[in-house]
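The values are calculated or read from the model by the stated rules, or taken from the named source; none is laboratory data. Just so it is clear, the model here is predicted, and its values are computed rather than measured. Neighbour counts run over all protein chains shown; Cβ positions are idealised from the backbone, glycine included. With ligands, DNA and RNA removed, areas are computed over all heavy atoms of the protein, side chains included. Shrake-Rupley method; radii C 1.70, N 1.55, O 1.52, S 1.80 Å.
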Amino acid sequence: MTQQFHAPLNLSYRIEGQGPTLILLPANPGESRDFDAVAPRLAQRFRLIRLDWPGYGASPAPQPATLAGAGFFLERFDAFMDALEIASAHLLGNSVGANVAVRYALRKPQRVQSLVLVSPGGFTAHNALTRAFCALQGRVWFKRLLGASFTRYYLRRRNPWTRAMIARAGAEQARRSALEVNAAVWRSFLEPQHDLRTAAGQLRLPTLEVSGKHDPVLPPKTDGRNAVRAIPGARQVVLDSGHAPFAEMPDQFLDVVAEFWGAHVA
C-alpha cells in the first residue's frame, strides 16, 4: 500500500492491490484510514483507492475552508478521476461520500460500474428539525463544543478501528481548519442539489445500500429505505451497527458486499 499526493488537486490518497478499480469515499469528517478494517481484504480483489477529503487526513483544507461541501467534494472527485485517467470504477461511499458517489454516477454513468452506498445522505426531505440541526452543525463553535462526542454517538460498536476514528475526531479533526470544513459540509446538506430523491431515479447501475440498524444520523427505516426506493433495482441490507458498519462490523460487512460484487464484478 502506498500513500500518494496529487499536488494540483491537493488530494491525498492510498492505493493498493490489483484488479478492477474500487474507490472508497469517506464520510464527514472522514479520511482513508476510516476503511482500515476492510481495506486489506478488499485489496485482495480490487485495485483499491481510498481518498482523504480536503481538510482531512493528509489533504489540506481548501482556502478558504468555507468552499468545502458535498458539491466541492464532487468536483474534486470528478477531477481526480480525470487526473488518474480512471476510465471506470466501482464506488463505495459512506454518508456524504455516498452522496458524492450517486451525484458522480448521475453525471458520468459510463464511468461507474456499481455503487455501494453506506448510510447515504440526500434521500429524505428536510423538516424544521433537520434544517435546524444542519444549521447548528454548520457552526464552528458548535463543532468545537461537541468535540468527539458526536462521533462516539453515531459509532455504536467499539473495536480498534472505531476507537481510532473517535481518537481522530478529538485530535487532528478538532483543528480549526478541519472544523471549518466539517461545518461547511453540514451547511451544504441544506443545498437543493444535495437532495437526490428525484434525480436518483435516472440511475441504471447495480446498487447496494447498507445501513446500520442503530444509526442515529441516517436511520435505515427512513434514509436507507428512501434511497432504495429512489434508485431502480437497489437492494438494502441492514447490519447491527451504527453509522459506519464497515468499521463496526467489518467481517459481516465484507460478506455482504462480496455477495453483491460476486454478481457484478468480472
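Points worth noting:
- Carbon plus sulfur fraction of accessible area for the range 170-266, probe 1.4 Å, in percent: 49
- Centre separation in Å (Cα based) which lies between the range 137-159 and the range 62-95: 24
- Whole-number D in µm² s⁻¹ for the range 124-266, Kirkwood Cα-pair radius fed into Stokes-Einstein, 25 °C, 0.890 mPa s: 147
- Here's the picture: charge each Lys and Arg Cβ at +1 and each Asp and Glu Cβ at -1 in the chain, and of 133, 230, 109 the one pushed furthest to the positive end of that dipole is 133.
- Each label point was placed 7 Å from the Cα along the Cα-to-Cβ direction; for residue 158 and residue 4 their separation is 3.9 nm.
- For the range 34-160, Kirkwood radius (reciprocal of mean inverse C-alpha pair distance, Å): 16.6
- Percent accessible area from carbon and sulfur atoms, the range 1-119, protein chains only, probe 1.4 Å: 48
- Among 229, 107, 14, residue whose mean-square fluctuation peaks in a GNM of the chain (springs only between Cα atoms under 10 Å): 107
- Given [x] -1.04; [y] -0.93; [z] -0.77, the label whose value is log10 I(q)/I(0) by the Debye sum over Cα atoms at q = 0.13 Å⁻¹ derived from this model: [z]
- Across the range 1-59, Cα-Cα distances exceeding 18 Å account for 27% of all pairs.
- Taking amide H atoms as placed 1.01 Å from N in the peptide plane, the amide H of residue 236 lies under 5 Å from those of 209, each 5 or more residues away in sequence or on another chain.
- Helices in the chain, meaning DSSP H runs of at least 4 residues, each add -39500 (n - 2.57). Divided by all residues, the mean residue ellipticity at 222 nm is -10500 deg cm²/dmol.
- Theoretical FRET efficiency, 1/(1+(r/R0)^6), r = Cβ-Cβ of residue 140 and residue 171, R0 25 Å, to 0.05: 0.90
- Looking at the range 1-149, the DSSP beta bridges with both ends there are about 40 percent antiparallel.
- Among 16, 85, 75, the largest mean-square fluctuation in a Gaussian network model of the chain, built with springs joining Cα atoms closer than 10 Å, belongs to 85.
- Counting DSSP beta bridges with both ends in the chain, the antiparallel % (nearest 5): 30
- Highest-MSF residue in the chain out of 102, 237, 116 [GNM, Cα springs under 10 Å]: 237
- Each label was represented as a point 7 Å from its Cα along the Cα-to-Cβ direction; for residue 263 and residue 107 these points are 2.9 nm apart.
- The residues of the chain present an accessible area of 41 Å² per residue when probed at 1.4 Å with all protein chains retained.
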